[in-house]
Amino acid sequence: MSICSKILSPGLILFSIASCGAAAQVRFLDAVPLAGAKSPNAALAADLNGDGKPDLVVLDNSASSVNVLLNRGAAKFSISRHSVPYGPATAKVADFNHDGIPDIAVTDSKGVSILLGMPNGKFSRAQTYPATPPNQLTTPFPKWPRRR
């Protein structure tokens with residue numbers, strides 16, 4: 001079975017399933033700009049407060065923040081900003097502490113920050129863990145033999 005698509009007009013795509021000849025039209029509404037971050041560099045969708053609606057996590061590299069946009073329906077979101085020490089690069093939502101509430105892990109060039117979820121889509125302050133153990137000695141560059 002293969003799925004084919006054809007753009008009929010802006011915002012209207014025709015999908016068809018080749019093996020059964022069925023077709024469906026999907027219409028997309030115009031984009032709605034969200035004020036989630038000044039300089040967003042990554043985003044993901046997940047249900048963060050258990051209401052069945054997809055919420056957004058938007059990373060803002062320039063502000064070193066994780067922006068949580070809770071979906072209130074009808075393209076309306078409530079926004080909360082959470083500071084992290086360095087510019088965030090990637091994020092993952094999972095229940096890291098096994099309490100049944102989604103948490104957010106954010107990576108950056110120096111380690112990972114965890115924002116533990118609380119009821120109603122709220123999050124704790126970021127707890128940051130370095131990528132290398134503290135007080136670890138760094139190995140200097142090896143001294144290569146000189147060529148003669």
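Of note:
- Accessible area per residue was computed with a 1.4 Å probe on protein heavy atoms; Lys76 scores about 130 Å².
- Over 13 Å [Cα-Cα, segment 64-121], rounded percent: 63 percent
- Here segment 51-81 is scanned for amide nitrogen atoms under 15 Å from the site 7 Å beyond the Cα of Thr128 along Cα-to-Cβ, giving 60-66.
- Added length on full extension, which subtracts the Cα-Cα distance from 0.36 nm per residue, Ser78 to Asn41: 11.3 nm
- Stretchable slack from Asn120 to Thr90, in nm (0.36 nm times residue separation minus alpha-carbon distance): 8.5 nm
The values are calculated or read from the model by the stated rules, or taken from the named source; none is laboratory data. Owing to the predicted nature of the structure, the values given are computational and were not obtained by experimental measurement. Cβ sites come from the backbone with ideal geometry, for glycine too, and all protein chains shown count toward neighbours. With ligands, DNA and RNA removed, areas are computed over all heavy atoms of the protein, side chains included. Shrake-Rupley method; radii C 1.70, N 1.55, O 1.52, S 1.80 Å.
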